[in-house]
Structures are given as structure tokens and as C-alpha cells.
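Any read-out appearing in this document is the output of simple, stated calculations on the displayed coordinates, not a laboratory observation. Bear in mind the structure is a predicted one, so any value in this text is a computation, not a measurement. FYI the Cβ positions are ideal-geometry reconstructions off the backbone, even for glycines, and counts take in every protein chain you see.
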Ligand code: ACM
């Protein structure tokens, strides 16, 4: 009984802790000019007054925007009802000939095209007696409706929209999210809910990485063995693809398909081994990494195949752009094939790069014939490729700059690899065109924007949202908002709000966390596990597969999968410690908050050990929980020393560093993200 009460108090304290921290770190008392808007609009002019929302709220649309905007406005109204609990009396959003009949008047002259560079601008004016949203196209109006919803505020008198004037348009025309459905298939529902999330933060390109060594994910009527033998049954029918494209178009989002060739292509060869550069048979790849199977670029039948293949896919996917991948062809099958070597000699093809360039040019001809423009990864940037191809830069910004200087349009993905579990901040500050960019004004226009990349080695339909969101909202802001919007604290403040609102779209990044912890505890109390996992993150970069060999059949239900990138509890603790130490350890309020956290972690292990006893899947993090507890104890010791200005000697420090260093070692492919902050406390105490 005593213990429960104690834990309850700790939990209340930890809520107070974060509210207080918000005040301390953001100066929240005065409302920031950015409100809760993400991405921040180009121009915000705050005004006096509030538009009060009640159940009589109405929307009118004038102009000839087409059905898409009516559907969008209805979706918005449903979300507004969902947030406020209002039973709106407004039955139908109707065309308005004269303008001026709705509380929210949408004025939009025409339907926009879902293509590169379309008009997405809008103006939004909120006055105390009415709201006006004006846009050149329905897509601009849809962007404005998302901003409108983000403006919803509360005070003692209820819900309102603050008086404001917003003029907005994107900085970059290509703002994308890549979802790799090749390595782990993502059912249509996953794609749809992520399209809703994308629309909420004004992203406008869904890049579907449809083919990989591990799977071929789209129905192909011309060559049915592609999806029949290359997918384990996990593929989109063409009807489903059309459904996805239509759902995306309703939200002003383009769908770019990627067929990754000539490498990353094992799954194609299960059904068509004769197109590979080495004899088969082939089976669907289960492991991760760069594999050898590669198309044979020297055979005419390869191009006959691709002609028929792209003819079909060009009809299925309406966007003008088609992605051919082109990355990480290791050339091993080419080197080992005498017929290919002979071909290269005959045609004066100097090396594998030149051979891939030959291949790309033949593919380009086919795409051009079917009305498509070619997009590919860095590797397709070869000296003799025409400048109408688009380069997607993943290996570094230098490659992007070089391509732009040579007149190629480019998309940046380097720095937006959300699969690598980097903190939001690092993606947020990664600007395709920073002030010190070496590009001239003319060359800058070649930078079309960027894409976050959700490579799927380590995500399932259950966890993918938690890797995409909320971090991708910060990337969306980088690509939409003016370059000088760079306040990291303010970004994190708004990200918190946006993340919470993304849930109403069915995204599972928050919702699945307690569910996964419940499964991990075997349906016991999740609180002790949550206390630990709140401060764990998956290991970064490409380390996970190095620590433990994974395949596409490995479970993605472990602690490392429940743990989230940029763990907020850990980040807030690190910041609190940094501020406390910067102040010279004088702030007793901060000290109290740090102490409460440390006490929680120190005591948590005993409770968690009980849980682990009945759930062996958790054994892999038992020692990490013990280490956190040990570190918390020496953190408490350090805190006391700092507060009482009593220094300690080297021997004291050395002993404690052994414990701290032990805690830094990853367990179950997770790392504890508060150990460095505790180390800072201990080192300060020792000085
Ligand atoms: C890539 O990450 N290989 C494009």
C-alpha cells in the first residue's frame, strides 16, 4: 500500500515536472508567434480578437474548385467535431454563389493539378466575426484547411480561433515521404493513414519503394510471376494501387513509384531468372544488406521486358515521374559473367559505372516513350546522362550540390533517413539550401526539395508510424517553411502538439506504445517497463543488424521496437540537467525535479524485476534496468554533493565511472539515453 501511494505521488510529480519544464524552457507565458502551427506559415500577422466556435458553425465554398475541396472540407469538419465534441447543425457544405454566407468562407477559383510545381498557396484571415480562406487552387485551400484546424484554441470560455492573417506558400515544390514496402510490406490501411498524416503537415509526394531483394509488391499483368513468385503473397493489386493514388490525389499528394533496378532486384528473378546476370535459381532474399543479383544489361530481352513492364506501369501510375532506383549495384555478377565482359569490350564500355549508364540510357528511352520523366538515386548521375532526369541524393549533400551545378534537378534525402533513429533536431536543421550553400541563384532552383526515407528493415505495420511520426512533421516544416524558421525549442514545443493531433487520423505512433509494452509484460502492470523504455532508444545508424543478425522473418515486437526515436522523457531530462549545471547547481527547483526522476529510476528496477520474472522476453534488458538503477543512485549522490558544494576525489570518480560506462553498453539493441546526463552530474560533483 505504502509503495503504491509512493509511486502515485511520483507519477503526479512527473506530470508537474514536465509542465514546469515547458514553462522554464520555452517561456510559454507569452504565446509564441508560431502558435501551434507546423509547418510555420510564410507570413503570420497576429491580430486582436477571437472567433468563437459553437455548434452553429458553417462553411461555404465559392468559385469552381471541384469535388475534392468539398470532400476535404467535410473531413476537416469531422475532425473539428471530433476535437470539440460539438454537434454541428450545418448539414451540407454547399456551393455559394455570392460568397459571405459561411462562418468559414472558402474562396477558390479552380481545381489544381496534382503535379510538380502546382500552386499550393493560400491566405487565411480570422476575424472575430468570420473567417476567410482564399486560394488559387483547391490544393492550396486544402493546405489552408490544415492550418485552420491547427489554429483551434481553448480558453475559459471554450473553443476559439485566434484573430490572425496568414499568407502561405511552400519553399520547395517536392516534399516527400518514401515508404519502403519492399523489405516489409505495408497494407493499404498503413499507407492511407500515413497519407492523412502527410496531408496534415503539407507533404505532397508519397514515394513508394515497391521492389526490393525481399519483395516485389505490385501486381503485374504482363509478367505475373513477378508478384506471384516474388512477394510471399504480400503485394498491392492494381485496384489497390489505384485506390492509394486516388486517396492521395484527394489530399493533393502525388504518388511516385520506384522500381529499383538494376540491383536490389532478387525478387524479380524468382520468376524471371533469365534476366539476371548469373544463372538461377533465385529465391526471395531474407537477409539485409547489399546483394549480388542484378539485371543483365547486355541482353536485348532485358529491354523488351522493361518496355512491356514500364508500358503497363506507366498506365497504372499517372504521375509524370517514375523512379528507377539505381542504387548500390555492387557489380559482382557483372564482373563474373564472361558474356557481359565480352559485351563491354565490344562496345568500349570502360567499367561497371559506364555499363550502368548504358543501361540507364536504354531505360530512359523506354520511360520517355511512355511519357515519363526519370528519377533515380545518386548513382544514376553519370556524365553522359541528359539533364532532364532528377537525382535523389542519399549519399551526401556534396553529390546534390554537384548535380545541381551541372544543371540536374535534385531532391535531398541525405540527412532525412528516419530509419537511422537520429533525433528530430538533426533532421530539422538539415536544410537543402542553407545560407552558406555554394549554389548560385539559378542553380538553387534545381533543388526541388527533399524526402524523408522510411526504409523498412526494422519496421512492421505496427511500428512504422512511430518511426515516421512525429519526426517527419519537422522535416515537412524544413521543406515548407522559410529557411530562417530554425528555433529548435519552439519546434519541439509544436511537435508535441502536432504529434498528439496526428493520432486523430488513425496514426499509431503513440497508441501502439502501451499496447506493445502490455504484450512485452505478458499483460502485467506496464508502468515499471514504461519507466525504463521511456528513456531507451533503438541503437542508431546501421548498428542494429550488426549487434544481432536480423532477417525479414525476425520479430519486430521486442523492447527495441517499442522504444521510440528521440525519446522525449530522456531528452527533457538531459536538458534539465544541462540547465541546472549551467546555472552552477543553484536552482533548487531544478534540483528537486532531477532528484525525483533519479529516485524513480533507482526504485524502478525492483518492480521491473518482478515483471520480467513472468515475461522472459524482457530478460534481454534486465541488466540495463539494473544499470540505470545503479546510475540513478550515484546520480543522487552527485546531486547532493553539488548542492552542498562538497567536492570528491579522483578515486571516487573512478569507481563511479565503472558503473556509468557499464550502463552505456547497448542491451537488446537499445541504449539508455540519460546515462550521459548522469555522467555530467557525477563529473561536476568530482570537480
Ligand atoms: C539507398 O539508401 N540505398 C538509396
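How would 534, 96, 351 line up from fewest to most surrounding beta-carbon atoms within 10 angstrom? Show your work: numbers first, answer last.
Working: 534 21, 96 18, 351 11.
Arranged by neighbour count, lowest to highest, 534, 96, 351 become 351, 96, 534.
For the stretch 499-553, state the semi-axes of the equivalent ellipsoid (square roots of 5 times the eigenvalues of the alpha-carbon gyration tensor), sorted largest first and rounded to whole angstrom. Display every interim value, and only then the final one.
Details: eigenvalues 108, 62, 31 Å².
Semi-axes (√(5λ), whole Å): 23, 18, 12.
Enumerate the whole-percent occupancy of each 10 Å bin, from 0 to the last occupied one, for all C-alpha pair distances of the stretch 325-443.
With a bin width of 10 Å, the distribution comes to 12, 35, 31, 17, 5, 0.
Above 21 Å lies some portion of the pair distances; for the stretch 498-654, what is it as a whole percent of all C-alpha pairs?
On the way: 6858 of 12246 pairs.
Looking at the stretch 498-654, the distances longer than 21 Å represent 56 percent of pairs.
What is the ratio of the Cα radius of gyration of the stretch 90-155 to 2.2 N^0.38 Å, where N is its residue count, to two decimals? Mind dumping the intermediate values first?
Numbers: Rg = 12.7 Å, N = 66, 2.2 N^0.38 = 10.8 Å.
Working it through for the stretch 90-155, the quotient is 1.18.
If you find the alpha carbon centre of the stretch 129-168 and of the stretch 216-239, how far apart are they in angstrom?
43 Å
Highest first, please rank the peptides 521-528, 65-72 by the mean number of other Cβ atoms sitting within 10 Å of their residues.
Working: 521-528: 16.9, 65-72: 19.5.
For the peptides 521-528, 65-72, the packing ranking is 65-72, 521-528.
Counting every Cα pair in the stretch 161-276, what percent are over 25 Å apart? Numbers along the way, then the final one.
Numbers: 2103 of 6670 pairs.
For the stretch 161-276, the fraction of Cα-Cα distances above 25 Å is 32 percent.
Largest first and in whole Å, give the semi-axes of the stretch 561-687's equivalent ellipsoid, each being the square root of 5 times a Cα gyration tensor eigenvalue. All intermediate terms of the calculation are to be shown ahead of the outcome.
Working: eigenvalues 137, 50, 33 Å².
Gyration-tensor ellipsoid for the stretch 561-687: 26, 16, 13 Å.
Taking only the C-alpha atoms, wrap a convex hull around the stretch 132-172 and report its volume per residue in Å³ as a whole number. Present the calculation step by step, with values, prior to reporting the outcome.
On the way: hull volume 3.4 nm³, N = 41.
So the per-residue hull volume is 84 Å³.
How large are Rg and Dmax for the stretch 550-597 when only the alpha carbon atoms are used, in Å?
When restricted to the Cα atoms of the stretch 550-597, Rg and Dmax are 17.0, 53 Å.
Calculate log10 I(q)/I(0) of the stretch 226-360 for q = 0.09 Å⁻¹, where I(q) comes from the Debye formula with a single equal point scatterer on each Cα and nothing for solvent.
Debye intensities relative to I(0), on a log10 scale: -0.31.
Extension gain residue 222-residue 238, at 0.36 nm per residue separation less the Cα-Cα distance, in nm? Show your work: numbers first, answer last.
On the way: separation 16, 0.36 × 16 = 5.76 nm, distance 1.22 nm.
Between residue 222 and residue 238, full extension yields an extra 4.5 nm.
By average Cβ neighbour count within 10 Å, what is the ranking of 260-273, 594-607, 235-248, 333-346 from highest down?
Values: 260-273: 24.0, 594-607: 20.1, 235-248: 17.1, 333-346: 14.9.
The peptides rank, most packed first, as 260-273, 594-607, 235-248, 333-346.
With viscosity set to 1.567 mPa s and temperature to 4 °C, compute the Stokes-Einstein D of the chain, Rh being the Kirkwood radius across alpha carbon pairs; µm²/s, no decimals.
Working: Rh = 27.4 Å.
Result for D is 47 µm²/s.
To the nearest 500 deg cm²/dmol, what mean residue ellipticity at 222 nm is calculated for the chain from DSSP H runs of n ≥ 4 alone, each contributing -39,500 (n - 2.57), summed and divided by the residues? Before the final figure, lay out the partial values.
Numbers: 26 runs with 304 residues, N = 687.
Calculated from helices alone, the mean residue ellipticity at 222 nm is -13500 deg cm²/dmol.
What Rg and what Dmax come out for the stretch 427-523 when only alpha-carbon atoms are used, in angstroms?
Calculated on Cα positions, Rg and Dmax stand at 17.0, 60 Å.
What do you get for Rg/Rh over the stretch 358-410 if you use C-alpha atoms and the Kirkwood form of Rh?
On the way: Rg = 10.8 Å, Rh = 11.2 Å.
Rounded to two decimals, Rg/Rh equals 0.97.
Using only Cα atoms, what is the ratio of the radius of gyration of the stretch 73-183 to 2.2 N^0.38 Å? Before the final figure, lay out the partial values.
Details: Rg = 15.9 Å, N = 111, 2.2 N^0.38 = 13.2 Å.
That works out to 1.21 for the stretch 73-183.
I'd like to compare 413-426, 275-288: which one has the highest average count of other Cβ atoms within 10 Å, and what's the full order after that?
Details: 413-426: 20.4, 275-288: 17.0.
My ranking of the peptides, most packed first, is 413-426, 275-288.
Relative to the compact globular guide of 2.2 N^0.38 Å, what is the alpha carbon radius of gyration of the stretch 644-685, as a ratio?
Details: Rg = 11.9 Å, N = 42, 2.2 N^0.38 = 9.1 Å.
The value comes to 1.31.
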